[in-house]
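What follows is one structure encoded as structure tokens, with my remarks underneath.
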Amino acid sequence: MASHRRVTAAGVQRQQRQLPSLPLLLLLLACAMPLAARAKVVDSYIDKDDRRLIPLTEAFGYAAGGMLEVTISDVVVYKQHTTSENPDLSKMGFFLSVAAPDLVLEERVTEDFKYECILETLENNNLPLFSDSNIQNVVDGAEDSHKFEFTLQNGGQFYLYFSNCEDSKPVSFKLHVEMYNIDSHGRRNYLSVGETELEVLFWVMFSLFTSVVGVWIWTVWSQRSHAQHIHHLMSVLGVFKALTLMSQAAMMHFIERTGSADGWNIAFYIFTFFRGVLLFTVIVLIGTGWSYMKPFLGDREKRILMVVIPLQVFANIAIIVMDEEAPSGKDWFTWRDIFHLVDIICCCAILFPIVWSIKNLREASQTDGKAARNLEKLQLFRQFYVMVVVYIYFTRIVVTLLRNTVQYQYLWLSEAAEQLATLAFYVWIGVKFSPSESNPYLKLAHGEETEMMMTGHPSSSSRE
């Protein structure tokens with residue numbers, strides 16, 4: 001049996017108490033990966049869960065006339081053996097809530113409405129409660145499942161929640177949710193408003209990165225007499241970045257039409273893993289002067305890599321869990337916070353080798369009698385340090401502010417800003433470290449080689 005109802009955006013608004021503004025420091029815990037293309041067809045299983053508030057879906061932007069389809073089955077409501085009182089099914093049900101930033105959502109789930117029933121505070125909630133006769137039939141076993149369809153006439157960005165205001169009465173049920181809009185041809189479009197532009201954006205960025213990587217590989221090949229190992233690593237990094245964008249574009253294409261990524265999410269996980277590991281590794285190696293200034297890694301640099309690479313593995317495991325699991329899982333927020341923490345640790349760790357190099361160069365310029373050369377190296381490393389800090393600040397803070405402040409219709413702008421910043425960062429590094437004879441970094445490397453040939457040992461600025 002299925003029923004259809006029309007609800008307006010105003011019909012799902014609820015009275016919310018004023019939330020305090022979040023400190024800027026907490027923005028460092030915002031998600032740093034590219035905007036994920038998660039499926040809009042969600043299957044959840046709630047198993048003996050007694051939480052008062054359970055988020056069932058992530059925020060979805062509905063256009064006017066957008067649809068929400070919910071199919072519920074295998075409903076079981078438990079009660080304590082010590083009481084014969086039946087649960088009040090009118091205190092269990094679904095509702096839509098206006099989207100909020102992730103940190104606010106987590107506060108709602110963990111703290112809000114701890115001592116009050118949110119279902120009693122809603123105004124004109126037209127989504128079903130468990131006291132609905134159709135759901136009662138599923139609870140009693142008279143029907144296997146029940147499907148509800150909802151039309152949001154005015155559109156908006158909303159979360160779907162389940163609320164259980166009965167203490168010590170856990171529930172179990174299976175849920176199949178489909179969220180979509182209707183395009184001009186009358187077809188289903190499973191992309192949220194604000195995401196429909198992402199497929200084109202990712203294809204454009206894929207083309208740009210492919211062109212840049214092609215130019216870089218040609219430069220390395222044509223200047224192979226000056227090329228170092230780090231240049232080949234940078235080529236591989238660029239290839240995986242382009243492949244990541246290609247997989248994201250393909251994911252958006254299939255999600256728009258079917259609601260799921262059709263396997264492209266696996267490719268995305270693989271490419272993102274290698275891209276993340278290579279990015280941090282390349283930054284660490286450049287910061288230490290490996291390959292172009294010295295052919296070895298010191299103990300400190302090895303320790304940094306031994307920390308960063310495993311952390312990137314953990315971060316990518318967290319990404320997979322976050323993408324594949326619905327927010328209804330009890331550990332979903334935990335995995336999200338793990339990813340946030342790991343990303344911040346990696347961002348801080350990769351700065352240490354650059355700081356060490358700057359410190360060594362500053363000391364060497366005052367002691368070894370080669371002030372001009374060491375001051376030139378010091379200036380170049382300072383430029384690299386500043387660019388890395390600017391890149392981290394922009395992609396972790398500025399993009400997050402943009403993502404949390406723009407209207408959901410323009411959410412794609414935050415992704416565009418992040419991708420353009422990444423492209424600019426890659427191009428800047430490529431220009432500064434291009435394998436050409438006129439490159440200032442290679443001039444310094446040649447100077448070190450000449451000195452080693454004449455003296456038999458490197459200068460003090462190259463020693464550990």
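The values are calculated or read from the model by the stated rules, or taken from the named source; none is laboratory data. From a predicted model like this one, the values you see are computed outputs, not experimental measurements. Every residue, glycine as well, gets a Cβ built from its backbone with ideal geometry; the counts of neighbours run over all protein chains shown. The accessibility values were calculated without ligands, DNA or RNA, using every heavy atom of the protein model including side chains. Shrake-Rupley method; radii C 1.70, N 1.55, O 1.52, S 1.80 Å.
Below, the figures for the structure above:
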{"quantity": "Carbon + sulfur, % of accessible area of region 46-91 - ligands and nucleic acids excluded, 1.4 Å", "calculated": "45 percent"}
{"quantity": "Largest to smallest principal axis extent of the C-alpha atoms in region 124-205, angstrom", "calculated": "52, 29, 26"}
{"quantity": "V98 versus V398: modelled label distance in nm, points set 7 Å from Cα along the beta carbon direction", "calculated": "2.9 nm"}
{"quantity": "Cα-centred dipole magnitude for region 158-228, charges only on beta-carbon of K, R (+1) and D, E (-1), debye, nearest 20", "calculated": "300 debye"}
{"quantity": "Cross-link table K40/K169; K40/K147; K241/K432; K40/K174; K241/K330, entries beyond 24 Å C-alpha to C-alpha", "calculated": "K40/K169; K241/K330"}
{"quantity": "Set of region 177-196 residues, backbone N closer than 11 Å to the point 7 Å along the Cα-Cβ line of D43", "calculated": "177"}
{"quantity": "Anisotropy class of region 253-292 from Cα gyration tensor, a/c 1.5 cut", "calculated": "prolate"}
